1. Out of the residues in the range 132-156 that are open to solvent by 40 Å² or more (accessible area, probe 1.4 Å) and within 19 Å of the chain's Cα centre (by Cα), state the one that is farthest from Phe119 (Cα to Cα).
2. Quick one: which residue in Gly36, Gly19 is open to solvent by less than 70 Å² (accessible area, probe 1.4 Å), assigned to a loop (DSSP other than H, G, I, E, B) and without any contact (Cβ under 8 Å) to a residue 40 or more places away in the chain?
3. Could you tell me how many of the residues in the range 168-188 are in contact with a Gly (Cβ under 6 Å, 6 or more places away or on another chain) and open to solvent by less than 50 Å² (accessible area, probe 1.4 Å)?
4. Within the range 107-124, count every residue that is part of a helix (DSSP H, G or I), within 18 Å of Leu85 (Cβ to Cβ) and open to solvent by 60 Å² or more (accessible area, probe 1.4 Å).
5. Pairs needed: first member in the range 127-142, free of Cβ contacts under 8 Å to residues at least 12 places away in the same chain; second member anywhere, open to solvent by 50 Å² or more (accessible area, probe 1.4 Å) and not hydrophobic (A, V, I, L, M, F, W, C); C-beta distance under 9 Å; at least 6 residues apart or different chains.
6. Return the only residue of Val79, Val89 being surrounded by fewer than 16 Cβ atoms within 10 Å (Cβ to Cβ), out of contact with any Asp or Glu (no Cβ under 7 Å at 6 or more places or on another chain), of a type in the set (A, V, I, L, M, F, W, C) and in a helix (DSSP H, G or I).
7. For the range 112-154, how many residues are at pLDDT below 95 and among the aromatic types (Phe, Trp, Tyr)?
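The values are calculated or read from the model by the stated rules, or taken from the named source; none is laboratory data. Values in this document were obtained by computation on a predicted structure and should not be read as measured data. In this analysis, Cβ positions are derived from the backbone assuming ideal geometry, glycine residues included, and neighbour counts consider all displayed protein chains. Accessible surface areas use protein heavy atoms only, side chains included; no ligands, DNA or RNA. Shrake-Rupley method; radii C 1.70, N 1.55, O 1.52, S 1.80 Å.
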Amino acid sequence: LAERYAESARQSVPVTSVGLQAKAQSLLGNLAHEQGKPGDAEAHYRRAAALFEAIRDNAAVAWQLAAVGQTLLAQGRTVEAVAELRSAVERLPNDLLLQTELGWALWQLGQARAAEAVFTGVLTLDGGNASALRGRGEMLAERGEPSSALRDLNRLSATALPSVRAARGLALAQLGEQAEASAEIKVALTDAPRHGPV
């Protein structure tokens, strides 16, 4: 129903109302994303970015590029996703949310050192940034640096996401704390039994 109304609104907006056209395309992208149609979402976000570019709304372009990056990640096109997220960050270099999204994409691409540098940069500006703490902590645990991983992971909520608990369990196991590690991993598996990384 929302999609039908958004499409109707898009068609009724005059072509000269570029900002409204851009917002309608972005909304259609959000709806496609919610419906699990990343290819359709990507097309809408790209159109929205081009329209926002035409009216020189740099921040809106950056957010549409980030959305494109997320849809590309969902399609398994990680190299392209990183390029789009880098473009978004170049437009809004001080936006920590965009920075952390880039960090996650770099890690998925296998560029752990670059991802760690991005997460560390975010934490330099905002030491309590949960997404950056989570990203760096999970990555350090995976890389076999348990003490450093726990420094980040232990700063997150005790009711953290299953992936955080699993990473904490991995780091504890690497330190020989088997009972604590087993407890963390058991909770993570109970909370997310079908989550691949967990």
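1. So the residue we want is Glu142.
2. After ruling out the rest, the residue left standing is Gly36.
3. Going through the range 168-188 one residue at a time, the tally reaches 2.
4. Count: 3.
5. Here the result reads Gly127/Arg155, each pair linking the range 127-142 to a residue that is open to solvent by 50 Å² or more (accessible area, probe 1.4 Å) and not hydrophobic (A, V, I, L, M, F, W, C).
6. Val79
7. 0
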